[in-house]
Amino acid sequence: MKKITARDLAETGVFAALVFAASGIRFVIPLAVGNTAIHLGNVLCILSGLLLGGIRGGLAAGIGSCFYDLTNPLYVASSPFTLAFKFCIGFITGKIAYAHGRNGINKRFNILGAILGSLAYIVLYLGKTFVSSLIVKGLSVPMAALMTAQSGVASLLNGLIAVACAVPLAFGIRLALRRRRM
């Protein structure tokens, strides 16, 4: 097992802070099914996995997102789910990008990792949305399915934006770090 260094902790903490900050950057987009908010937190969750690897990327994504939820009374109750679900984005992305010694530099595996990490989050989030619509809100199955479908549109849009932004951004950051010999 790899020894955890002060640098590992610092990088993970910096990315958790970036995830936290990016989660607050929101754009409201009107859709046929109603307005949806697109936020940049998922971009940084994927970027964390691509630059830090599975465990550290997952921790940065989960912790930063969870802390964001804890600062908003509307999201406090869902913060444990956010911690776990956003961890999955960074962890899956990083595990795939770093598998078999790739070290996050193989474009195809970075894209694959980002897509699968994002899809895993979407499945988890929509599952939670469906179950909470049934249990907490007391909706019928058809109404819960409709609510989940509406959330699915926003989640897919967020996921597409996250993958499209994070993968090229990771390559740009790596190039800049390499030039600075960091």
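A few points about this structure:
- Filtered by the rule that a residue be of a type in the set (Val, Ile, Thr) and either in contact with a Cys (Cβ under 8 Å, 6 or more places away or on another chain) or modelled with pLDDT of 95 or more (or both), the range 37-59 gives 43, 46, 55.
- Selection from the range 82-108 of residues that are part of a helix (DSSP H, G or I) and among the hydrophobic types (A, V, I, L, M, F, W, C): 83, 84, 85, 87, 88, 89, 91, 92, 96, 97, 99
- Within the range 61-78, the set of residues being more than 24 Å from residue 114 (Cβ to Cβ), polar (S, T, N, Q) and modelled with pLDDT of 95 or more comprises 71 only.
- Filter result (surrounded by 23 or more Cβ atoms within 10 Å (Cβ to Cβ), of a type outside the set (Gly, Ala, Ser) and touching a residue at least 60 places away in the same chain (Cβ under 8 Å)) within the range 94-121: 110, 121
- Counting only residues that are surrounded by fewer than 18 Cβ atoms within 10 Å (Cβ to Cβ) and free of Cβ contacts under 8 Å to residues at least 60 places away in the same chain, the range 153-164 holds 3 of them.
- Cβ-Cβ distances below 6 Å connect the following pairs, each with a first residue in the range 134-151 that is within 18 Å of residue 123 (Cβ to Cβ), a second residue that is at pLDDT below 90, and a separation of six or more residues or different chains: 150/33.
- Subset tally (residues that are surrounded by fewer than 19 Cβ atoms within 10 Å (Cβ to Cβ) and modelled with pLDDT of 90 or more) for the range 165-182: 9
- Among (1) over 16 Å from the mean Cα position of the chain (by Cα); (2) not in a loop (DSSP other than H, G, I, E, B), the one test that residue 139 misses: (2)
- Among the residues listed as 14, 76, the single one being farther than 15 Å from residue 155 by Cα, in contact with an Asp or Glu (Cβ under 8 Å, 6 or more places away or on another chain) and not charged (D, E, K, R): 76
The values are calculated or read from the model by the stated rules, or taken from the named source; none is laboratory data. Because the structure is predicted, anything quoted here is derived from the model rather than measured. Note: ideal-geometry Cβ built from the backbone for every residue, glycine included; neighbour counts use all protein chains shown.
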